[in-house]
1. For the chain, report the accessible area per residue in Å² (1.4 Å probe, heavy atoms, rounded to an integer).
2. Using a Förster radius of 41 Å, what is the FRET efficiency between R59 and F2 based on their Cβ-Cβ separation? Nearest 0.05, please.
3. How large is ³J(HN,Hα), in whole Hz, for each residue of segment 71-86 in order, when computed from phi with the Karplus curve 6.51 cos²θ - 1.76 cosθ + 1.60 and θ = phi - 60°, using x for Gly and Pro?
4. Kirkwood hydrodynamic radius (Cα pairs, Å) of the chain?
5. Starting from the Cα-Cα distance between S33 and Y90, subtract it from 0.36 nm times their residue separation and give me the gain in nm to one decimal.
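The values are calculated or read from the model by the stated rules, or taken from the named source; none is laboratory data. These numbers were taken from a predicted model, which means no experiment stands behind them. When we count neighbours, we look across all protein chains shown, and the Cβ atoms used for this are built from the backbone with ideal geometry, even at glycine. Accessible surface is based on the protein model in full, side chains and every heavy atom, while ligands, DNA and RNA are left aside. Shrake-Rupley method; radii C 1.70, N 1.55, O 1.52, S 1.80 Å.
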Amino acid sequence: MFVLSNFVDALASIVSILLTILYWLILIRALISWVNPDPFNPIVQFLMRTTEPILEPVRRLLPPLPLDVSPLIVFFIILFLQKFLVASLYDLALRLQ
């Protein structure tokens, strides 16, 4: 069972790292949006391509608002996933030992 435990532990670590990276990408995108970035800048294009598939479905669920709150809602979802999903995976890995 230790192999399955190690697998679940590694999976939890990877999910945690990916959620943290996603959190920072969305935060950087939100901060950059305040300064009217150049849309042809490769960094801005990368941020748009990586975060838009996550933010767009949230925007479609929200009513039209003067301020885009989709990054805030995605932050809450990410925090929930880190506290619930990742913590549950770590606990499962411990119980499988």
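1. Normalised by residue count, the accessible surface of the chain is 73 Å².
2. Using R0 = 41 Å, I get an efficiency of 0.40.
3. Working through the residues one at a time gives x, 5, 5, 5, 4, 5, 5, 4, 4, 4, 5, 5, 6, 9, 5, 5 Hz.
4. Taking the inverse mean of 1/r over all distinct Cα pairs, the chain comes out at 15.2 Å.
5. Extra length from S33 to Y90 when fully extended: 17.0 nm.
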